[in-house]
Structures are given as structure tokens and as C-alpha cells.
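The block underneath contains the structure these notes are about, expressed in C-alpha cells.
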Amino acid sequence: MAKPILIALALAFLGVMVLMPVVAIFDRAFADGAGAYLAAIRDPETVAAIRLTVIAALIVVPINIVFGVAAAWLVARYRFWGRRVLLILIELPFAMSPIVAGLCFLLIYGAYGPVGAALEPYGIQLMFNLIGIVLVSLFVTCPFVMREILPVLQVTGEDEERAALTLGANGWQIFRHVVLPNISWGLAYGTVLTMARAMGEFGAVSVVSGAIRGRTMTLPLQIELMYNDYNATGAFAAATVLAGLAFVTLILRGALNRFGPQREAHP
Amino acid sequence: MTALARPQPRILPGFSLSLGITLLFLCLIVLLPLSGLLWQLGKLGPGDYIRVVSSERVLAALRVTISAAALATLINGVFGLILAWVLTRYRFPGRGIMDALVDLPFALPTAVAGIALVALYDRSGWVGQLLEPLGIQIAYTWWGIVIAMAFTSIPFAVRAIQPAIEELDPAEEAAALTLGANGREMFFRVLLRPLLPSILTGVGLSFVRSLGEFGAVIFIAGNMPYETEIASLLILIRLDEFDYPAAAAVAGTLLALSLVLLVAINVMQNRLQAYLRTEG
């Protein structure tokens, strides 16, 4: 009945709204030919930006895995005062404008903020460098791992863990042999999302990066810089790298969805 | 620490470790930065706050942001429902690819989304050059902001509505048709009512997300003060001028707006679900 019309509408919307913009990036990136594209990718500033982006993500991801697992374990297994507040706090980064998030960090850790000013005499600077980028990336990605693991822990219950405890396992053994196998799919899923978001974050990072060419520019910032410099090929070439990352993310997500246990779909 | 633990026996180990890690992280990464904003707002005082926020430029930026987010949300409500319906109910070739495409805006970094939309909608872009002879301009106008916001928040709408459609019983639709309901009656009475809570959640999330969207918007917005300048950009401009109090005032307003909306969505969803249950 309405099926063909609805499918056509859905296809048209996704085609024009989602697919075409992404295809357009590749079109523009290769507008001057493959040679210009390759030269743009090998631009020293772009290479430095890619390196910084990867380094920041490699620091952010493990920290957020530890936090996510700890927070999910805490919320799933214990009842304590302030538990709901804790959950809201962890989810908060999802609701915040990235610029507001970046500003918050600047106001407390920047040279004029209480913590930043206190650290300055010791020569420690937290903003406008790698530390600042890592801090805001931790903020914007902190809900991902926890959100993926929490439902799994809630569903599996604690019977197995109690059994292991009765059999004399210590905390670490319970975690390795009972908890970890259960949460591994959720953990992988959360890690993929954290990685993608950490590499792609733009607004919050742009507030705290200091924007020093070749030094504190992550790849998304470098794209904006080149775009404003009218270096279209460079900007779009760099954008293809991040678009590629997005495709890898989607493929990994798809694979995890397909081979992992059944899970609810949410972005 | 022990004061936080409530009577329930703690048989499983790891409470203090996980509590320690969680609290340390939350304090350094979430609470302390948030208190920075509050501290700055406190220094500002209510009189100055009102003076900053009621300035013509801030009001214009808020108006642009909220109106564009509202239209983007409306678009996402309609197409989010269609997409969720098509993906859940129909099986056709290419469905898997469509399903993956829905998540693309979520996986794509927002700065990339921004220049991608420019590439498509500026006068040399594939869509832009079709619209130009008709006198329609999207890039660097308010419409561009709407498109960018709709782009980044469509996955939130679709993924919030999908589970609710899965729970619908197709037999009820068939029953309604057998009882003589026409298409429109069936849509509003049998389909839309049970889906309403999740639709509201979806559009609510998409609205909140749109209010804060920055990367995708600034490339295509044109960023003209009073006309196409969004609130997030104004915060950044005030920051570059080292006017931290003004930046904090706008940021506090934006944050408060998002929080009020989130709470409202939550409350409304609970009430609606309770209402629908009692109605049977």
C-alpha cells in the first residue's frame, strides 16, 4: 500500500541529506586530481595534526575504559546515596554544547581559573596543549563505555560473581574470569565509539587547543584552518581521512552488532 | 567513603576501588569544570548577567539557534518516524546499507559534516547549483543552519523511535482495518498514540543536540551577527576577546536551556507512558 512511497521517501531523504554530502567531500578532495590529493595528505601540518589526533585518542581511550568499567560496575552492583546523581553526571556530556564544555574547562584549568592559577607557579600549564585536548576529549567521550557496559551488567546479574566468590576467587580473578567475558562485546562497542568521538571532536577541542599551527592542531581543527585559508583541496583531503575513520567505525559497529549478542540500537 | 555506602551488604569486592576511580574522574573531568562555569557566573552577579543576556546580539543569536533547532527537529520528527518505520517493518534490498547510513552523521566528525554540507550546498555544489537559478540559497543562510542541525541529529530521532515500532503488534493494525478504520484513523489512533512517548524522546534529544551543535553549523552558517550567528559561536567570539564573564553568561543560558529540556522530556515521557497504560 504505502510501502513503496515510504521507502522512496526514506531513500530520498537519506540520499540527499546524508549520503550526498559525504560523497561531495571526496569529489572536492579529488577535484584537482589524485596528485594534488596525495600532496595535500602529505602536507607536514596535516601529518602533524593526524599524529596529534592519534596520540590524544590513544591517551583518552584507555583512561575512559578504566573509568567506564569502574562506573558501570559501581552503578550496577551497589546501592548507595547519590547513585542517581552519579548517573546524571555521567550522561551530562551528551546534553552539553561542546563549546560550553570547552569553556567550562578553560574557566577552571586555564591561567585565570582557580586550578590553572594555582599550578602556574610550578610551571604546569593544562590548557592550550595536549593535556587540555586530552581533558576535554575525556569529558565528551566519558559516557560511551559506561553506557554500553551498564545494561549488560544489569542483565547478567551477580549470581556468577557470587559463585566465584564462594569458590574462593579474589576480586581480580572474578573480574578477569567472570565479568570481563560478559562485558567484552559492550566494551568493544564502547571503545569504538570513544575512539571515533575522541578523534573527531571539534567544538570542545577548539576552545582549549590554543590553535598553534603544526603543534596543537588536531585533524578537525586543521580542516577548519585550511578551509579558512582557502586551501580547499587540503581541507577536503584531510576531511576524507576523518570520513574514512567514520566508515571504519560504522563497519566495526556493524560487525559487533552482527556477531555480538543481541543489543538495543541507539546512537 | 564508607558514609556513602548504604546498608545493603557488600558481598562483592571492588566497591571502594570502583567508587574511588569513578569519583576521582567525575570530580576532575565533570564536576570541577562545571563548577568553573558556576564560579564565573557567580562573580558576574544577576544584574550583569541580565545585561549580557538581554543584549541585542545575544538575543538574536539565541533566536537563530532556537528557531533553526525547532525546524530541524520538526523535519527529524517526520523523517525520523518514516525512516524508523521503513527500517523496522519492511524488508527490501539495500535495507542494511540504509540502516548503516542512518548512523553516518553520528560517526562523522562534526567539522567534516560541516564542510561536506558546504560542498553540497554552496553555489558550485551539486544541490546548490540546482537551487541557484530558482533564487534559493541555502549555504550561508538560516536554512543552512537548519540543514546542518537536521543532519547531525537525525540518528537520535530514528534510534529512539525504532524500538517502540518493534514493540507494536501488527495484528492490532489489521484489526483496526477489519473494523473499518480508514488509513488516517488507523495511523492516528492505532499507530501514533503508542509511539508518542518515544517520538517525543527522539525529537527532544534531537532538539537538545541541535541547540549545542557547533562544528557542522559554523561552516555553512555564514556567521553574520544578528542573522546567522548561533549562540555557541558567540560564546567562542567572547572567549577570543577574553570577555570570560560574557562567554559564561551565554554558556550558562544555553546549558540551563538544555537541562530544563532534558528534565522536561523525562517527566513528560513518564507521564505519557503512565497515561497510555491506564487508558489500556
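Would you check if B:T253 is within 15 Å of B:V58 (Cβ to Cβ) and touching a residue at least 60 places away in the same chain (Cβ under 8 Å)?
yes
Output the qualifying pairs, or none if there are none: Cβ atoms under 7 angstrom, residues six or more apart or on different chains, first residue in the range A:1-18 and within 7 Å of chain B (Cβ to nearest Cβ), second residue among the small types (G, A, S).
Between residues of the range A:1-18 that are within 7 Å of chain B (Cβ to nearest Cβ) and residues that are among the small types (G, A, S), the close pairs are A:M17/B:A150.
Looking at the range B:173-187, is at least one residue under 23 Å from the mean Cα position of the chain (by Cα), farther than 24 Å from B:M149 by Cα and surrounded by fewer than 22 Cβ atoms within 10 Å (Cβ to Cβ)?
Scanning the range B:173-187, I find no residue that is under 23 Å from the mean Cα position of the chain (by Cα), farther than 24 Å from B:M149 by Cα and surrounded by fewer than 22 Cβ atoms within 10 Å (Cβ to Cβ), so the answer is no.
Please give the helices (runs of 4 or more DSSP H) falling wholly within the range A:1-47 in which 3 or more residues are surrounded by fewer than 17 Cβ atoms within 10 Å (Cβ to Cβ) and more than 25 Å from the chain's Cα centre (by Cα).
Fully inside the range A:1-47 and qualifying: A:3-14, A:34-41.
Can you confirm whether B:L200 is within 11 Å of another protein chain (Cβ to nearest Cβ) and in a helix (DSSP H, G or I)?
So B:L200 does not fit the description; no.
Taking the residues in the range B:116-142 that are more than 15 Å from A:V16 (Cα to Cα), assigned to a helix (DSSP H, G or I) and of a type outside the set (D, E) as candidates, determine which candidate is nearest to the other protein chains (Cβ to nearest Cβ).
B:L134
Write out, first by first residue and then by second, each pair whose Cβ atoms fall under 7 Å of each other, whose residues are 6+ apart or on separate chains, and whose first residue, in the range A:55-67, is over 15 Å from B:C27 (Cα atoms) and away from every other protein chain (no Cβ under 13 Å) while the second is assigned to a helix (DSSP H, G or I) and hydroxyl-bearing (S, T, Y).
Going by the 7 Å Cβ cut-off, the qualifying pairs are A:A56/A:S137; A:V61/A:T191; A:V61/A:T194.
Of A:L187, A:L138, which residue is in a helix (DSSP H, G or I), closer than 18 Å to B:L26 by Cβ and touching a residue at least 60 places away in the same chain (Cβ under 8 Å)?
Being in a helix (DSSP H, G or I), closer than 18 Å to B:L26 by Cβ and touching a residue at least 60 places away in the same chain (Cβ under 8 Å) holds for just one of A:L187, A:L138, which is A:L138.
Since A:D27 meets every condition but one in (1) more than 20 Å from A:D229 (Cα to Cα); (2) within 9 Å of another protein chain (Cβ to nearest Cβ); (3) without any contact (Cβ under 8 Å) to a residue 24 or more places away in the chain, which condition does it not meet?
Condition (1) is where A:D27 drops out.
I'm trying to understand the selection: among the residues of the range A:68-114, which are among the hydrophobic types (A, V, I, L, M, F, W, C), outside any helix (DSSP H, G or I) and more than 7 Å from chain B (Cβ to nearest Cβ)?
Correct list: A:A111 only.
Being free of Cβ contacts under 8 Å to residues at least 60 places away in the same chain, surrounded by 23 or more Cβ atoms within 10 Å (Cβ to Cβ) and in a loop (DSSP other than H, G, I, E, B) is the filter here; which residues of the range B:65-110 pass it?
B:L108
Output the number of residues of the range A:190-226 satisfying the condition of being within 19 Å of B:L233 (Cβ to Cβ), assigned to a helix (DSSP H, G or I) and among the hydrophobic types (A, V, I, L, M, F, W, C).
Total meeting the criteria: 7.
Name the residues in the range A:115-136 that are away from chain B (no Cβ under 11 Å) and over 23 Å from the mean Cα position of the chain (by Cα), would you?
Answer for the range A:115-136, where residues must be away from chain B (no Cβ under 11 Å) and over 23 Å from the mean Cα position of the chain (by Cα): A:A117, A:A118, A:L119, A:E120, A:P121, A:Y122, A:G123, A:I124, A:Q125.
Go through the range B:23-64 and give me each residue that's hydroxyl-bearing (S, T, Y), more than 9 Å from chain A (Cβ to nearest Cβ) and part of a helix (DSSP H, G or I).
Selection gives B:Y49 alone.
Just one of the numbered conditions (1) among the polar types (S, T, N, Q); (2) part of a helix (DSSP H, G or I); (3) in contact with a Phe, Trp or Tyr (Cβ under 7 Å, 6 or more places away or on another chain); (4) at pLDDT below 95 is not true of A:T240; which one?
The number of the failed condition is (4).
Scan the range A:220-246 and report the pairs whose first residue is closer than 11 Å to A:Y37 by Cα and whose second residue is of a type in the set (K, R) and buried (at least 21 other Cβ atoms within 10 Å of the Cβ), with Cβ atoms within less than 7 Å and a gap of 6+ or a chain change.
Filtered contacts from the range A:220-246: A:A232/A:R28; A:F236/A:R28.
Please count how many residues of the range A:194-238 are of a type in the set (S, T, N, Q), crowded, with 20+ Cβ neighbours inside 10 Å and facing another protein chain (nearest Cβ under 10 Å).
Total satisfying the criteria: 3.
Would a scan of the range A:156-170 turn up a residue that is under 30 Å from A:L245 (Cβ atoms), part of a helix (DSSP H, G or I) and either touching a residue at least 24 places away in the same chain (Cβ under 8 Å) or of a type in the set (S, T, Y) (or both)?
Quick first cut of the range A:156-170, residues under 30 Å from A:L245 (Cβ atoms) only: none.
For the range A:156-170, residues under 30 Å from A:L245 (Cβ atoms), part of a helix (DSSP H, G or I) and either touching a residue at least 24 places away in the same chain (Cβ under 8 Å) or of a type in the set (S, T, Y) (or both): absent.
The values are calculated or read from the model by the stated rules, or taken from the named source; none is laboratory data. Treat the numbers as computed from the prediction; the structure is a model and nothing was measured. With ideal geometry, Cβ positions are generated from the backbone for all residues, glycine too; neighbour counts draw on all protein chains shown.
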